[in-house]
Amino acid sequence: MSTLHAQPESVAREGLMERLHGWAITVDHKRLGIMYILSGLVFFVVAGLEATAMRMQLIRPLNDFLTPQGFNQMFTMHGTTMVFLVGMPVLLGFGNFLIPLMIGARDMAFPRLNAFGFWLFLFGGALLYFSWLGGDGLYGAGGAPDVGWFAYSPLTSKTFSRGNSTDYWILGIMVSGFGSMTTAINFLATILCMRCPGMTLMRLPLMAWMMLVVAVLVITAIPVLTAAQVMLLLDRSLGAHFFDPQQEGSAVLWQHLFWFFGHPEVYILILPAFGFLSEIVPVFSRKVIFGYPLMVAATVAIAFISLGVWVHHMFVVGLPPWMNALFAASTFLISVPTGIKIFNWLGTMWGGRIRFDTPMLFCTGFLAMFLIGGLTGIMLAVVPFTTQLSDSYFVVGHFHYVLFGGTVFGIFAAIFYWYPKATGRMLDERLGKWAFWILLIGFNVVFLPMHFSGLLGMPRRIYTYQPDRGWEIWNLITTLGVPIQILGVALIVWNMVRSLGKGRVAGDDPWDAWTLEWATSSPPPEWNFDRIPTVTSARPLWDRKNPHDPDEEQP
Amino acid sequence: MSLATAAPADSWRPGRGKVGMACLIAMESFFFAGFIIAYLFYIGKGATGPWPREVLEVKPVLVNSAALIASSFTVIASVKALGRGHLAAMRWWLVLTILLGAWFIWGTWVEWRGLIWEHGLTLRTNLFGTTFYSLVGFHAFHVIVGLLALSTILGLGVMGRLRPARDTLRFELVSWYWHFVDVVWVFVFTTVYIVGLRP
């Protein structure tokens, strides 16, 4: 088999078209994972530009950089892109790339379904962005969707959203949602059925555990969103009345259905990042993860509770007080397993020989920033507090600390940690450290002042404001942080491009790590492992490197 | 070690086909849950008639439901026949299953014809029409997909392309989907024809 691959003339003859064709028809989980991550990063840049346009508009009062409708389109596309076309594909992409390697398998359980899911995601995203061209419909009104990423009814009805922009939002997200669902099926089937000999569930790397739970959440939450979107589509296209108040249809039903999806979605976006931390922190602390079983239990607990907290997005709707109280309580409850995890990572670092390479820096940044986002989250679980601050910039600041300071920092940690495995080259450490500090500073300059403008009463999603509200300085600072963040992201992109050719050769195991993906070559061969490994503990490479002192079996 | 390793016995490892089909069924269940919740949410609401108790007839639907539920048992018999290698019996049980499923779809068509042309109820008429046709219609759509899958298997059986050792599990997985369509109908029936008609 290897002689077939090693013929030099066939490699030399392989032109650009052949190589692109190879990527287009691939069913290899590693290539699909890389394509997920790269297309997610392209959408990340697009969404960043949309955010930049919004911040340009808000830099001073009564600015006219964007029209009101243009501003609405920007925040709708920014939110929708970040959640569905950046967060999910990048995280699922890491799952795709890593799960078979980590559990000692040669591919996913359903490789072709895997490729199908990727192309659904990509074309769903393309469909959403095609709305800039096709959203006008026959009415000549529209363009990109402008109804916000949670598309509240009745704003989405034919009356208020003319043209086809909202239909593009529905269909683009639905198609990429089908992609996510096929990926979730694959994750579950792969992790449950394809583990190598000895890889019991309690020896599974924690990243795989988190991805397993994420897959369950995708299977639970996304179909409900799909159902709600089908209802909206029936309303808009066939004249049904699900969300039509004139026929006693209910705007609140849309909110219930959307947030039943929407809140588990938050955990779909953060649990994989928890998984990255659970892999990276032990390796760079030179200690085994603290409280493995508790970590698994906390993940499962988070998943269960996350299905019962959605009404905290609806505290100002006017639902009965007992309902608000119930969901406030469940929201407090979910911070307990999340807190357990934070303490477990701190417990892992405690007394360890910590190496602050770039992946570990991003993990440490994650811990601090996510903690702030978590604490403002607990504040927002208090119903009277939310009554005051709902739909203000305080909320915007809160969820950016969770999703940028949390998820995106986790993604950058993962990129620096696994880039050597995917490419065979190390990312530049000096550039990486610069990028981390610049990004950390830029992030706080942008998002910390949002809490203050929010506390001063600035609502989210307004396209401009009057000069006498005391919001000017905070908006100015926020916008001034944007170029700092752009510089940080640009450094990472530049680092990824440059290191592809010039980076130090990584070798199989550059971080002296313990999970199975580091047991094969970098980049791994198409079949991952020449021999399917057999494991006897949760840290198979530790056992191999320290045969005199293997990990003790936990009963 | 060879490329194809036997499943090791140290830990529970279900078949990937079973896990995949179970996941699909779970996703479909949550999809239907959305429509069932919408139906329950809107019972008794709406600006104009016709109302469910004026136009829905339970008796013919009960007969159709019996046919669909019976088809779940005939498909079990068909899978078992394939497992034992009784290909002729498998085909006849499968023909019966498809006929029962087709009967159900025919029944839905008769019911809808009456509702649309006699009572003037469509998707656009009122909230009842909206929720009724979307819920019952999505279920009927799933029955049709199931019928297409079963017909494909029947076609393969008639062409003599089925091998019991290889295909029994595959057929069984398709039959899981058919059972799911059946179970969903129990929930839909309860929602629409019992809870929805309560005075």
Per the rule of 0.36 nm per residue minus the C-alpha distance, extending A:LEU346 to A:ARG112 adds in nm 80.2 nm
Flagged as over-length at 26 Å C-alpha distance, from B:LYS59/B:LYS80; A:LYS30/A:LYS502; A:LYS158/B:LYS45, the pairs are B:LYS59/B:LYS80
Expressed in angstrom and rounded, the centroid-to-centroid distance over alpha carbons for segment A:511-549 and segment A:53-83 is 48 Å
Note: probe point = Cα of A:TRP527 + 7 Å toward Cβ; backbone nitrogen < 17 Å; residues of segment A:77-119 passing the test are A:101, A:104-108
Cβ-Cβ cut-off under 11 Å around A:MET194, Lys and Arg +1, Asp and Glu -1: the net charge is +3
So, with points 7 Å from each Cα along the Cβ direction, the A:LEU319-A:LYS433 label distance in nm works out to 4.9 nm
Here FRET efficiency (C-beta to C-beta, B:ARG53 to B:LEU169, R₀ 60 Å, nearest 0.05) is 0.85
Computed from the beta carbon distance with a Förster radius of 35 Å, FRET efficiency for B:ILE144 and A:ALA126 to the nearest 0.05 stands at 0.70
Surrounding charge for A:TRP345, neighbours by C-beta under 15 angstrom, Lys/Arg +1, Asp/Glu -1, total +2
Counting sequence-distant residues (5 or more places) and residues on other chains, those with an amide H built under 5 Å from that of A:SER392 are A:ARG460
If amide H atoms are modeled at 1.01 Å from N in the peptide plane, then the residues at a separation of 5 or more from A:ARG425, or on another chain, having amide H under 5 Å from its own are A:ALA506
What helix-only [θ] at 222 nm does chain A give? Using -39500 (n - 2.57) per DSSP H run of at least 4, over all residues, to the nearest 500, the answer is -22500 deg cm²/dmol
FRET efficiency (B:ALA89, B:VAL183; Cβ distance; R0 22 Å; to 0.05) is 0.30
Full extension between A:VAL336 and A:LEU455 adds, at 0.36 nm per residue less the Cα distance, a length in nm of 40.2 nm
Listed by chain and number, the lysines with an alpha carbon less than 16 angstrom from that of A:LYS433, same-chain partners under 8 positions apart left out, are none
Between the modelled labels at A:VAL45 and A:ILE59 (7 Å from Cα along Cα→Cβ) the distance in nm is 2.2 nm
With 0.36 nm assigned to each residue of separation and the Cα-Cα distance removed, A:ILE378 to A:LEU238 gains 46.2 nm
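All of the numbers you see were taken from the coordinates with simple rules; none came from a lab. These numbers were taken from a predicted model, which means no experiment stands behind them. Don't worry about glycine lacking a Cβ; one is built from the backbone with ideal geometry, like all the others, and counts go over all protein chains shown.
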